[in-house]
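Data first, discussion second: the structure below is written as structure tokens.
The values are calculated or read from the model by the stated rules, or taken from the named source; none is laboratory data. None of these values were measured; they are calculated from a predicted model. Positions of Cβ are generated from backbone atoms using ideal geometry, with glycine treated the same way; all protein chains shown enter the neighbour counts.
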Number of protein chains: 2
Amino acid sequence: MGDKTLSKELIARLPRYFRYLDDYMNVGIKKVSSGELSHKMNVTASQIRHDLGHFTVSGQQGYGYNVKELYEEIKRVLGLNDEKKVIIVGAGNIGKALISHRMFRNRGFKLIGVFDIAEMAEISGHRVYPISKLPEFVQEYKPDIAILSVPSQEASIVAKELISLGIKALLNFCYVDLDVPDDVIVENVHLRDNLMVLAYKYDNLIKKKKK
Amino acid sequence: MGDKTLSKELIARLPRYFRYLDDYMNVGIKKVSSGELSHKMNVTASQIRHDLGHFTVSGQQGYGYNVKELYEEIKRVLGLNDEKKVIIVGAGNIGKALISHRMFRNRGFKLIGVFDIAEMAEISGHRVYPISKLPEFVQEYKPDIAILSVPSQEASIVAKELISLGIKALLNFCYVDLDVPDDVIVENVHLRDNLMVLAYKYDNLIKKKKK
């Protein structure tokens, strides 16, 4: 199938489908209906059927989707069949928390290196390399993804170095939007932005109540 | 103005506008054009003009927007004029990293309490309260926002308790989607989902290159 046809919204929903299907597998559920998925995902059942229509899986009216088949298909589409090699650059508070994050406990992503400007002891079994070793390391181990968790004022320069070394995918925890070439992908995690959006919605909720 | 009319997309962009305007203020820039903002925000200048048309600020063709005026207006719309009181529930790796996160260093959000099931020492100057003190604390200090960073298997039960105590806004770092009443707002930060979306895009980039 042509994965290219997936909308941004569907791409954003794929990890949630994957998560629920993983849960179903873990408790031994073999079939799931669009109605059940609709409830879990908080989208309409017709949206679910439309979403899953993009994948080559069998779903029958009144019978449901084959959980394992759908799980394998979404896993394939998400590119999780080939384990991605990840490095963390910046072992401050956030970087340290990420080293032992559950995202590296399942298949799919393998943390292969941690870098920082400061010399420091091993963290959760991971040796922290000086950032000066990046060129050598990237050349030898060819990481797929770099997580950027350096201080924000150093983000641009470190991102540039990573890109010049050939890294094409960045998960950016720094509080700046990176200016990158077209063939480099950035996903931003801006926690303060999340908090602001929450504050906005909260304020509007309170205002509505007062009316 | 009626803040209700803002689209989800614009709400999601507001923190970025706020961030850039803050940057401009800090370096003493007084006027900014839709063109400059367009470049920064990576949306079209006409989108910028449409976005900012929702706010009561003066923008003149060829002259630009008044940075301070726009900053104050977006700050007001985001609800940042009233400082929000935040608690962190769960002082594991992520919770610990959040305590000293920059989101609490600026105006707008004040961390007033940290809770955990385990007894532990002060973290970055914050005493960690046992979770059993939550009811008393919430009643006395009336936090606006709770950050949920407990282990995922405890997320639902802790969220239920927070909601029963009257908390209406949750920033959820647990790897589950919470089932909450209609008058409670949740913003999710699912880091593994971000990583999966990045992996998906990366794989498609690589495939495209191979063609």
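Annotation for the range B:189-198: no member residue is surrounded by 17 or more Cβ atoms within 10 Å (Cβ to Cβ), more than 8 Å from chain A (Cβ to nearest Cβ) and in contact (Cβ under 8 Å) with a residue 12 or more places away in the chain.
On inspection, B:ASP177 passes the criterion of being assigned to a loop (DSSP other than H, G, I, E, B) and either small (Gly, Ala, Ser) or under 29 Å from A:GLU9 (Cβ atoms) (or both). The single condition among (1) within 14 Å of chain B (Cβ to nearest Cβ); (2) small (Gly, Ala, Ser); (3) over 24 Å from B:LEU195 (Cα atoms) that A:ALA97 does not meet is (3). Could you say whether any residue in the range B:131-153 is under 25 Å from A:LEU21 (Cβ atoms), among the hydrophobic types (A, V, I, L, M, F, W, C) and within 14 Å of chain A (Cβ to nearest Cβ)? Checked the range B:131-153: at least one residue is under 25 Å from A:LEU21 (Cβ atoms), among the hydrophobic types (A, V, I, L, M, F, W, C) and within 14 Å of chain A (Cβ to nearest Cβ). Residue count for the range A:138-159 satisfying the condition of being more than 16 Å from A:LEU170 (Cβ to Cβ) and modelled with pLDDT of 95 or more: 3. Note on the range A:123-155: residues that are surrounded by fewer than 16 Cβ atoms within 10 Å (Cβ to Cβ) and among the small types (Gly, Ala, Ser) amount to 4.
Select from the range B:21-47 the residues that are assigned to a helix (DSSP H, G or I) and of a type in the set (A, V, I, L, M, F, W, C) and write down the one among them that is farthest from B:LEU10 (Cα to Cα).
By that ranking, first place goes to B:MET25.
If you go through the range B:173-211 and keep only what is farther than 22 Å from A:ASP144 by Cα and not acidic (Asp, Glu), you end up with B:PHE173, B:CYS174, B:TYR175, B:VAL176, B:LEU178, B:VAL180, B:PRO181, B:VAL184, B:ILE185, B:VAL186, B:ASN188, B:VAL189.
Among residues of the range B:156-173 that are in the same structural domain as B:PHE137 (by TED's automatic domain parsing), those with a Cβ under 6 angstrom from a residue that is small (Gly, Ala, Ser), sequence gap 6+ or separate chain, pair up as B:LEU162/B:ALA146; B:ILE167/B:ALA146; B:LEU170/B:ALA146; B:PHE173/B:SER149.
Looking only at residues that are aliphatic (A, V, I, L, M) and within 11 Å of another protein chain (Cβ to nearest Cβ) in the range A:154-177, which one is farthest from the chain's Cα centre (by Cα)? Ranking the candidates gives A:VAL176 first. Residues in the range B:101-119 that are in a strand (DSSP E or B) and under 14 Å from B:VAL89 (Cα atoms): B:LEU111, B:ILE112, B:GLY113, B:VAL114, B:PHE115, B:ASP116.
Would you confirm whether any residue within the range B:61-70 is within 23 Å of the chain's Cα centre (by Cα) and crowded, with 20+ Cβ neighbours inside 10 Å? Yes, there is a match, as at least one residue in the range B:61-70 is within 23 Å of the chain's Cα centre (by Cα) and crowded, with 20+ Cβ neighbours inside 10 Å.
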